[in-house]
Every structure is written in C-alpha cells, then in structure tokens.
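Here is the structure we will look at.
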Amino acid sequence: MENLTEENIRIIFGIKVKKLRSDLRLSLQQLSQKSGISISYLNEIENGKKYPKTDKINELSKALNTSYDQLVSLKLNKNLAPVGQFLNLDVINDFLFETFGIDKGTLLNMVANEPIRVSAFINSIFEIARNYNLKQEHFFFLCLRSYQELNDNYFEDIEDAVSAFIKETGFDNLPPVPLNEFDEILKEKFGYNIQPTDFADYPKLKQLRSVTIRNGRTTLLCNKKLTDQQKAFLYGREIGFAALKIEKRPNTTPWLKVDSFDQVLNNFRASYFAQALHINKDLFIKDIEQFFESPKFYPEVLIRLLDKYNASPEMLLTRITNILPKYFGINELFFIRYSSKEPEKNLKEISKELHLSSNPANFEYTLSEQNYRRWLTKSLLKYMLEHKQPEKTKIEAVISENGNGNEYLTISILRPMTELNNNNNSVSIGFVLTPAVKKKIRFLNDPSLQIFKLGDLNKNEFEAPLELRKIKEQKEKEAELERLISSGK
C-alpha cells in the first residue's frame, strides 16, 4: 500500500479494530473489559488518533479473537479495500482532507461502515472518469465553479482587500487605468523585475502569455505579442498574488500543470482582485444602471464601456456577473466562453462557464437549463459568424424562450485575438427574464431586439442528455403506474 504516513497507519489500525469489534457485536465497554484498555483510549484508537504499544495490541488481538500479526498488518481484506483506495486518491487527499479540513478518520469510518456500497460508488466514479477522460484538474475546476456559484460570484473579502490596497498605495483606478500604474506598483512596492520576451530560446513556450520565476526577486516574463490590455490584467493578477500574500499559485499563463486545488482557488482570487482593481466598482455600477435604463439596446454602449475601462470582453462581462447579484438582485444568469485557436474546434469546446441559479437543488432542472444555455450561446455565435459583416468587435443581443416557460436575454461579444492567432474568441452573458429583471432592463421592449425561439434555429442541436431523458421517462412511467394502482384495476 502507498501513502504509508503515520496518520494513515493509525487510521487503518483503528478501522480494523472497529470492524472486528462490530463483527463480534461488542460494545466499547465490553471490549474495554476484555482487553483492560480504557473506553476513552479505545475510542481514540478507533478514530485514528492513537496507535497503541505492543502490550496493548496483544491484549486487543486476544479480545478480538485475532492474531497480533493480522491486527497490525496493513493488508486490508476485500470488505475494507475501499479504505485503501480512498487513502491513495490524490483528489480525496487534496480536496477533502487538506483543502477543506474534513476529518480523515471520520470520513474513512463512514467508508468502513458500508464498504461494499462505497466500493461500488468508487468504482463507478473511476469508470466515469475513464470513459470521459476526466483528470484530477477537471475536479478542481468543477469545484471552483461550484464555489463561485454558491457565493453568487461575489466575494466581499476580495472587494474589501482591493479597497484597502487602493487606500494604502494611492493606486488610481479611475478608468482607464494606464499600464504604467500597474507596472510601477509591481516594481516599486513588490520588487518585481518585468522582462518582455518572445521565448525565442524556448520555442515550445511561444504560446505562453507569461512565466513567473520566483527565486529571491520575482521575475515576470511577458510575451511581447500581448496587448497593453492583456499586460494590465497579468500585472493586476500578480499584484493580487502579492497583496493577498498568496504562495500556492501557478507560475505560467496559461497553466501547464495543475498541482492542487489551492492553486486553482488562489489563481481565481488573484484574478478577481485584478478585475476589481481594473474596473472601478462604484463607477461601473452607475454605468450598468445607465445601460439598463436605455429604452433601446445599443451595442455601441458596450463598445464604449470596453474602451472606457480598457477591458477585454471577458473581463467586462465577468465583472458584470460579480455586480448583478449583489447590487441589482439579478442572480439567475450565466457566463460562457468559447475560445479555440483551431478553426475545426471552433464552438465545439467551452473554455469557461458559470451558471448562477436560484434553484440549484433541483438537479433535473439545473441540467436542462445549463444544456439549453450552451445550445443558445452556440447557436447565437454561429449566427453572428455567418451573418455579421467582418469587423473588429461583433455584439449581438437576443431574447429567447427555452420551451419550459423561461425567457432569456443573451448578449454575445465576438472579438478576434490576432496577437495570439485566435480569431474565434467569444464570451456571452445571459439573464433569466423574471418579472423583477423585466422591470430593471428597459430596452427589453426594443422592437429591434431579435427574438430567437427554438424553431428559428436548429432545434435538433438542443436535446436533453440521455440520462435526463431516461429520468423523465421513468417519472412518466411511475406516474402512469400510480394512476393504474389508484384506479383499483
């Protein structure tokens, strides 16, 4: 067995003692009487807190009708095999034990109490992971998304940290924040050495945006192809890492390797810090209010906001997802990004998504809604690529209905990233049009606003996943059976 730490050895020993005691139907008090070991000490042994000395192990083995060697052996029988699997899973150790502080002994005791069921569950997870080529980092990013959604993607502690940083340093984040503002803070306050590079000596790294080298003084290598706008975000994120005193972090953009959930979470926090530093919250709230109060939808307004804040479409729409739930009460919304450098993969891979919902507990509803949102953004972007005249930035807004009674406003921005040979970069934001939202957004009544319905596009592209259809069919059968039973026939 791997991962033979002292803690794991104590846990395995304790679970074996508890299982043997349970098989013999002995209470802790009865085992205490038979072994001469106090109840409190036995309790600590079974919970993996203590490992007894040789003489006590001898007494325990006699009381449990087993041999000393079998009791101290780290070999687990078939029923307890899932315990070993759990101890060797990096995802379980990183996620549950280290990151979230869940007590390992408590969880593994739960595993030991239902080993057959848990073994089937673990094997099913492994099978799903193999079939869909899921890796450890996929779990990390899924967990991050859940973390964002549970907090409505608004984090007061980071907003406060940005405010405190601005007050302390005198950082001027009135838009547009010039690049030298970020540059000077990194160099003067945090001692960074910033070097532009084309990675000529490292051709396999040419597509990286940046590399951070931390060996005493921090050096930030930036790809020469980056725009000032992209550099500003990178510098802002580095400021976030430094201001929030974050150590566990990625050192390349984009990532080459994801080592832990801490890295994923910390990268998000530093990125959030950068966006909040880049886009002045108070001014931005006023800009959104004015945008919603207009009787007509003007794409030019969003273009002006992109220019005003010198922000990328992704940064602008992401910041909107931060602000809307907290300050506008709009918490049924989504954000989806498609980005591919390979034309054949265009609109086939979602590179980032976020789904905020007021009804997250209803799994069937959530799955159906998310599937519709993906279909909608994909269809809208295909429409934009086919019907819009070539231009630097394309913006489209549509109202749609998903067939289940929900109406959506969806806004998509398509902007090429020529500096990195990416002409298919797009971001979309959508809101469920509840009565409250309809009161807030005046331009929804704009007659020029396109209205998409399922029939207007390729309906075959939107179909519930097989498992969801099976659930629906099963419920229909159960309802029919209940009706038959109720009829008395």
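The values are calculated or read from the model by the stated rules, or taken from the named source; none is laboratory data. No experiment lies behind these values; they were computed from the predicted model shown. Backbone-built Cβ (ideal geometry, glycine too); neighbour counts: all protein chains shown.
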Exercise for the section: May I ask you to verify whether residue 190 is modelled with pLDDT of 90 or more, hydrophobic (A, V, I, L, M, F, W, C) and surrounded by 15 or more Cβ atoms within 10 Å (Cβ to Cβ)? Expected result: no
Completion exercise
Filtering the range 257-281 down to residues that are under 23 Å from residue 327 (Cβ atoms), polar (S, T, N, Q) and without any contact (Cβ under 8 Å) to a residue 60 or more places away in the chain yields 271, 275
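Matching residues to (1) free of Cβ contacts under 8 Å to residues at least 12 places away in the same chain; (2) surrounded by fewer than 16 Cβ atoms within 10 Å (Cβ to Cβ); (3) in a loop (DSSP other than H, G, I, E, B):
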site	(1), (2), (3)
13	no, no, no
18	no, no, no
25	yes, yes, yes
30	yes, yes, no
Practice task
Looking at (1) of a type outside the set (Ser, Thr, Tyr); (2) modelled with pLDDT under 95; (3) touching a strand residue (DSSP E or B) at 6+ places or on another chain (Cβ under 9 Å); (4) closer than 22 Å to residue 158 by Cβ, find the lone condition where residue 316 falls short.
Solution key: (2)
Completion exercise
Restricting the range 151-172 to residues that are within 28 Å of the chain's Cα centre (by Cα) and free of Cβ contacts under 8 Å to residues at least 60 places away in the same chain, the one nearest to residue 331 (Cα to Cα) turns out to be 151
Handout entry: Filter result for the condition that a residue is part of a helix (DSSP H, G or I), under 26 Å from residue 316 (Cα atoms) and of a type in the set (D, E, K, R), over 188, 238
Key = 238
Exercise for the section: Within the range 266-283, identify whether any single residue is more than 22 Å from the chain's Cα centre (by Cα), exposed (fewer than 15 other Cβ atoms within 10 Å of the Cβ) and among the β-branched types (Val, Ile, Thr), and answer yes or no. Expected result: no
Completion exercise
Residue hits (the range 273-315; more than 22 Å from residue 448 (Cβ to Cβ) and in contact with a Phe, Trp or Tyr (Cβ under 6 Å, 6 or more places away or on another chain)) are 274, 279, 285
Practice task
Answer yes if at least one residue in the range 68-76 is of a type in the set (Phe, Trp, Tyr) and outside any helix (DSSP H, G or I), and no otherwise.
Solution key: no
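Matching residues to (1) farther than 26 Å from residue 349 by Cβ; (2) in the same structural domain as residue 327 (by TED's automatic domain parsing); (3) modelled with pLDDT under 75; (4) not in a helix (DSSP H, G or I):
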| residue | (1), (2), (3), (4) |
| --- | --- |
| 375 | no, yes, no, no |
| 392 | no, yes, yes, yes |
| 398 | no, yes, no, yes |
| 428 | no, yes, no, yes |
| 431 | no, yes, no, yes |
| 439 | yes, yes, no, no |
| 443 | yes, yes, no, no |
| 448 | yes, yes, no, yes |
| 460 | no, yes, yes, no |
Exercise for the section: State all residues of the range 293-344 that are part of a helix (DSSP H, G or I) and hydrophobic (A, V, I, L, M, F, W, C); if no residue qualifies, say none. Expected result: 301, 302, 303, 305, 306, 315, 316, 317, 320, 323, 324, 328
Handout entry: Failed condition for residue 199, given (1) surrounded by 15 or more Cβ atoms within 10 Å (Cβ to Cβ); (2) assigned to a helix (DSSP H, G or I); (3) over 29 Å from the mean Cα position of the chain (by Cα)
Key = (2)
